[in-house]
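Below is one structure, written out as structure tokens, with a few remarks after it.
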Number of protein chains: 2
Amino acid sequence: MGESIYGLKRTHKCSELGLANVGESVTVMGWAHKRRDLGGVVFIDLRDRTGLLQVVFNSAVSNELFQKAETIRNEYVLAIVGEVVKRDPETVNPKIPTGEIEIAATELRILSKAETPPVYIEEDSDVNENVRLKYRYIDLRRPDMQRTIMLRHRVAKIARDYYDSNGFLEIETPMLTKSTPEGAREYIVPSRVQPGKFFVLPQSPQLFKQLLMVSGFDRYFQVVRCFRDEDLRADRQPEFTQIDIEMSFVDVEDVLTVNEGFIKKAFKEALGIELETPFIRMPYKEAMDRFGSDKPDIRFGLELVDLSHIVENCGFKVFSDAAKNGGSVRAINAKGCGAKFSRREIDSVVEFVKIYKAKGMAWIAVEENELKSAITKFLSQDEIDAILKETKAEPGDLICFIADKNSIVYDALGQLRLELARRLDLLKKDEFKFLWVTEFPLFEYDEEEKSWAAKHHPFTSPMDEDIEYLDSDLGKVRSKAYDIVLNGVEIGGGSIRIHIHELQQKLFKLIGLTEEQVSERFGFLLEAFKYGTPPHGGMAYGLDRLVMLMAGKSSIRDVIAFPKVQNSSCPMTNAPDTVEAKQLKELHIKMTNG
Amino acid sequence: MGESIYGLKRTHKCSELGLANVGESVTVMGWAHKRRDLGGVVFIDLRDRTGLLQVVFNSAVSNELFQKAETIRNEYVLAIVGEVVKRDPETVNPKIPTGEIEIAATELRILSKAETPPVYIEEDSDVNENVRLKYRYIDLRRPDMQRTIMLRHRVAKIARDYYDSNGFLEIETPMLTKSTPEGAREYIVPSRVQPGKFFVLPQSPQLFKQLLMVSGFDRYFQVVRCFRDEDLRADRQPEFTQIDIEMSFVDVEDVLTVNEGFIKKAFKEALGIELETPFIRMPYKEAMDRFGSDKPDIRFGLELVDLSHIVENCGFKVFSDAAKNGGSVRAINAKGCGAKFSRREIDSVVEFVKIYKAKGMAWIAVEENELKSAITKFLSQDEIDAILKETKAEPGDLICFIADKNSIVYDALGQLRLELARRLDLLKKDEFKFLWVTEFPLFEYDEEEKSWAAKHHPFTSPMDEDIEYLDSDLGKVRSKAYDIVLNGVEIGGGSIRIHIHELQQKLFKLIGLTEEQVSERFGFLLEAFKYGTPPHGGMAYGLDRLVMLMAGKSSIRDVIAFPKVQNSSCPMTNAPDTVEAKQLKELHIKMTNG
């Protein structure tokens, strides 16, 4: 059995010791990271959360202690009493902060033995992720996981400090509640007291935070767990954490300003990176036109150019048809790729855009004295000159064209832009480019349902300037919704809400909700709005994604202590699991087959 | 429809204005708390989170504005532009911080109208709690609810500041997980991906926080939602919030010291109250013997006195039987109650103890020259003298005796002690007396099952001094468990855990768990313990209860923004509710009858 620490008290963590402590008697505790034996001396690298510390057991000092030290294996947990000693110059280890000293041990307790761990304790393990997750408690010992979890703690703490000092109150909202307006699939929790009724785990505290504004709390925030029963992707988890915010008596710019202040503080304090604020504000339309995306990565250029006006009457029918029939012809000038890409590489680019439903991709490779292209023969010299001018083409460039309906043109070129950036190695991991995308359309047309739906949630306010179009042209109505985008990833978003009962009713009607549906789903919110509602708005960040990007990781599983895998299960605990028949009976639940 | 704030920007909150701002043009926004009309002038008390501010609409200045102001009703939401004006000395209102000024309005926007709210916005509403909870968003406007929710925010923030600055990392643990060791009834969440399997909502992060110690995070904390599907009492909710803590390489005293530091800081910063630390440490046995309770209220005396040794051979059979047969005879000297209580009041005390299964209560009323009692005739003068001496009885006192088996004696006298304190008005709301109760028994004997069970959870470590009794006398084994008690309420507790695999196995066996049960419930924890486990321990506070006591409230519903009522439902949202048949079908669930 392991020994007890009874009577011992840890005096220092490993990395708290240095030259200043030489001569002191100290008690340190941690894991045996590595053992080396060298002619009658055992060296242990003792590891704790703060780092490594060398401990020396010399047989010349105590043979008994030396022999006990010889039994130490990796990951044994030790308590060591000893004296801090300065190392000889030739044995100094400049790689660790405690490299100038070591501990000459006078007492050793083996607090716990250890079998050989299934995951080696090292930076960036290449062990299979399923093994890492099954033995997560070992995986979390690895230095990069330790740093990441500490970073996550730090970012959440900075959020709380920042919002608190800006007058926000953290108010907890229920987890056992009702449907929320996001509309994704929900987890439900059967009620025992009221059989046949169910609680819903919230997808967000949306309704509650709006009610808190009705209550006059003025500024609310919460770092809060949310739930979605969706099929998992790399950046989705059944439970995830939001930094959730709501403010009263504000318009769009107030929300953006206070929230970019948090991001600036988080990057400064957690990463030492000074971000410039205000971040760019970019209307949705501009983002689509320039980058083909409502979450543009603006670390690099390769912007879209609209050539529809040049080619709408040209001889190349693919172009002229698209330009005339409500679609467009747009291009990206892939700088230098004409010279750099082989014919096979260009073909692979053409294949790439097909993933995004583009029927094809025309291109012109610009050379010093000629243009290589299959389409120039259909274009007049004026048209060609105009294209080269608009795309600022120079010798060596590759102009890539997509002609189609706009949604496909944007999507294909937006993705192509990212693909080109990857191939050209333009995506710097340590560069952080934020922007706000604003003025999203309030509605989007559902082609299948032949009806208009709310693009964000149905509480989003239209822009004051566009309220008049509510009765005439829904496609024209912009909203007070906004997203915050970092390096092409949406890390948060929100909106100013509708605070006027009548306007809210009108919106519900426009998106086809019946009075009954509205009253069932949002009745208590609408009722609340009758008693004096301040103008309000807010947003929510995905904490997991934000920390993932800050830590330079590519999966949110790497920033969650105990994440779930593809089928929503936890390889460590084996959750979800069967329950006792008694439990189901109490809930009046029976499982059906198939 | 309400007006928009478009183009306006709030410059101040109500209570931010004072004499220093006289002459400034300001924009304020909030609720119309009250309107008074006085000869061509409308006065509005404008309310926001910070307090009240008087706004004046003078018909002599603008008749149009005056007329609009006359339409304002209570709880309308307003935006007001105006000038800060010093009030005439005779109209100064010393009751509010802004009482020396008022706003001479030059612009008024009615942002939202309001129907008459069902709960009046005032201190300590006497409206029926069900109405308050149905209209919680209105109820939360009341000043005492606003203060309480702000206090809760402050206490949670202080916890995070304190634990962070003491090296604790806040690490989020899963909500969709497996059974935890507390053993209360759990909420379960059906899995769609794996029909027939269920997640469990955690009763605590117990297993995860211990795993985080295995991972080497050294100090963990979390302010975390926990769940119990139990029948509700005044101080229970289906979901509640814990301040949850775990530390490595520590023994009992380390945990107590760091945690009472938090309490001290919270009372200082949130309430301005300076608590003396260290708090008293009182072994369980002492708490029971002196107060008849493992959560004694030490704001007052009325301690228990063990008289068994005096009466074990006395002529009063009830006493001598109890003292001889493993029970005891104990008394409380109810100071002054002999003189103060009528015979009827004494009888009601006798009735009171019967609630706690005492068969009766003997008593002696001590008068200047005689003793009034039905039992003195059975006692010798020596016995009576000894009783009076041990209970420090003086004329006017009432000595209350319970003779029974110990569990009943403790419970009845412990409760009697509290009842006497209530009757004697000894419970001061603004007095805060903390103590740690330590050295709880590790096991308790289950009379029905005729077996030993863990008194706390089965990971609790025995005291080093008592490990030897594990093989001989389980009743004698004290544990490293501790509770923190405030004014007779347990607000938290915890223990040093067992970190030795073999000792843990032994404990499981002693409490009758089969290997299969252990492996199914805690398999992954025991597996983890094989790879090097530090000695560790921790605790958890009930945040709701702590804030309730700090706020001087008597129900935790008053410190939770959106609480649930007796049948676990939410009167505001109507959760739990029915769900669509489609949802149940996706989960392969059918409801049964009855």
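Things worth noting here:
- Selection count, segment B:172-187, where residues are at pLDDT 95 or above and not polar (S, T, N, Q): 5
Table: residues versus (1) under 44 Å from the mean Cα position of the chain (by Cα); (2) of a type in the set (V, I, T).
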{"residue": "B:N21", "(1), (2)": "yes, no"}
{"residue": "B:H33", "(1), (2)": "yes, no"}
{"residue": "B:R49", "(1), (2)": "yes, no"}
{"residue": "B:I72", "(1), (2)": "yes, yes"}
{"residue": "B:Y76", "(1), (2)": "yes, no"}
{"residue": "B:R87", "(1), (2)": "no, no"}
{"residue": "B:T91", "(1), (2)": "yes, yes"}
{"residue": "B:E102", "(1), (2)": "yes, no"}
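- Residue that is nearest to the chain's Cα centre (by Cα), among those in segment B:1-19 that are under 24 Å from A:D464 (Cα atoms) and hydrophobic (A, V, I, L, M, F, W, C): B:I5
- Test: A:K209 is at pLDDT 95 or above, assigned to a helix (DSSP H, G or I) and under 27 Å from B:T578 (Cα atoms): yes
- Test: residue in segment A:41-56 that is farther than 25 Å from A:T116 by Cβ, away from chain B (no Cβ under 14 Å) and either touching a residue at least 12 places away in the same chain (Cβ under 8 Å) or surrounded by 21 or more Cβ atoms within 10 Å (Cβ to Cβ) (or both): no
- Filtering segment B:266-316 to residues that are over 22 Å from B:F401 (Cα atoms) and free of Cβ contacts under 8 Å to residues at least 24 places away in the same chain leaves B:K268, B:G272, B:E274, B:E276, B:T277, B:P278.
- All conditions in (1) buried (at least 16 other Cβ atoms within 10 Å of the Cβ); (2) within 12 Å of chain A (Cβ to nearest Cβ) hold for B:T116, with the sole exception of (1).
- Identity of the residue in segment A:491-507, of a type in the set (D, E, K, R) and modelled with pLDDT under 95, that ends up nearest to A:H536 (Cα to Cα): A:E502
- Residue in segment B:552-570 that is of a type in the set (S, T, Y), open to solvent by 30 Å² or more (accessible area, probe 1.4 Å) and either modelled with pLDDT under 95 or not assigned by TED's automatic domain parsing to the domain that holds B:T460 (or both) present: yes
- Subset of segment B:179-193 [surrounded by fewer than 23 Cβ atoms within 10 Å (Cβ to Cβ) and within 7 Å of chain A (Cβ to nearest Cβ)]: B:R192, B:V193
- Residues of segment A:162-172 that are surrounded by 22 or more Cβ atoms within 10 Å (Cβ to Cβ) and assigned to a loop (DSSP other than H, G, I, E, B): A:F168, A:I171, A:E172.
- Flag for A:E370 being over 35 Å from the mean Cα position of the chain (by Cα), open to solvent by 70 Å² or more (accessible area, probe 1.4 Å), closer than 24 Å to A:I298 by Cβ and not hydroxyl-bearing (S, T, Y): no
- Boolean, A:K389 is open to solvent by 20 Å² or more (accessible area, probe 1.4 Å), assigned to a helix (DSSP H, G or I) and farther than 19 Å from A:L420 by Cα: yes
- A:D45 being outside any strand (DSSP E or B) and outside the structural domain of A:S554 (by TED's automatic domain parsing): no
- A:F378 falls short of the stated requirement of being open to solvent by less than 20 Å² (accessible area, probe 1.4 Å) and aromatic (F, W, Y).
- Residues that are in contact with an Asp or Glu (Cβ under 7 Å, 6 or more places away or on another chain), crowded, with 21+ Cβ neighbours inside 10 Å and aliphatic (A, V, I, L, M) within segment A:146-161 comprise just one, A:A156.
- Residue within segment A:59-73 that is within 30 Å of B:R497 (Cα to Cα), among the polar types (S, T, N, Q), surrounded by 19 or more Cβ atoms within 10 Å (Cβ to Cβ) and outside the structural domain of A:R142 (by TED's automatic domain parsing) present: no
- Selection within segment B:464-479 - open to solvent by 20 Å² or more (accessible area, probe 1.4 Å) and touching a strand residue (DSSP E or B) at 6+ places or on another chain (Cβ under 9 Å): B:E465, B:Y469, B:L474, B:G475, B:K476, B:R478
- In segment A:78-112, the residues that are within 14 Å of chain B (Cβ to nearest Cβ) and either in contact with a His (Cβ under 8 Å, 6 or more places away or on another chain) or at pLDDT below 95 (or both): A:L111, A:S112
- Among residues that are within 18 Å of A:T11 (Cβ to Cβ) and either open to solvent by 10 Å² or more (accessible area, probe 1.4 Å) or hydrophobic (A, V, I, L, M, F, W, C) (or both), A:A105 is included.
- Leading residue by the ranking (nearest to the other protein chains (Cβ to nearest Cβ)) among those in segment B:122-143 that are open to solvent by 10 Å² or more (accessible area, probe 1.4 Å) and in a loop (DSSP other than H, G, I, E, B): B:Y135
- At least 1 residues being within 11 Å of chain A (Cβ to nearest Cβ) and in contact with a Ser or Thr (Cβ under 8 Å, 6 or more places away or on another chain) is the threshold, and among the strands (runs of 3 or more DSSP E) wholly inside segment B:480-594 those reaching it are B:489-496, B:536-542, B:589-591.
- Among residues of segment A:1-17, those that are within 11 Å of chain B (Cβ to nearest Cβ) and not in a loop (DSSP other than H, G, I, E, B), counted: 2
- Where a residue in segment A:138-166 is among the small types (G, A, S) and its partner, wherever it lies, is open to solvent by less than 10 Å² (accessible area, probe 1.4 Å) and outside any helix (DSSP H, G or I), with Cβ under 6 Å and at least six apart: A:A159/A:I243
- The residues of segment B:190-209 that are in contact (Cβ under 8 Å) with a residue 60 or more places away in the chain and touching a strand residue (DSSP E or B) at 6+ places or on another chain (Cβ under 6 Å), listed by number, are B:P190, B:G196, B:S204, B:K209.
- Picking from residues in segment B:245-278 that are open to solvent by 60 Å² or more (accessible area, probe 1.4 Å) and within 14 Å of another protein chain (Cβ to nearest Cβ), the one that is nearest to B:H499 (Cα to Cα) is B:E253.
- Criterion (crowded, with 18+ Cβ neighbours inside 10 Å and either more than 10 Å from chain A (Cβ to nearest Cβ) or not β-branched (V, I, T) (or both)) met by exactly one of B:A20, B:A32: B:A32
- Test result for B:K209, among the basic types (K, R) and within 19 Å of the chain's Cα centre (by Cα): no
The values are calculated or read from the model by the stated rules, or taken from the named source; none is laboratory data. None of these values were measured; they are calculated from a predicted model. Every residue, glycine among them, receives a Cβ derived from its backbone with ideal geometry; neighbour counts consider all protein chains shown. Quick note on the areas: whole protein, heavy atoms, side chains included, nothing else; ligands and nucleic acids left out. Shrake-Rupley method; radii C 1.70, N 1.55, O 1.52, S 1.80 Å.
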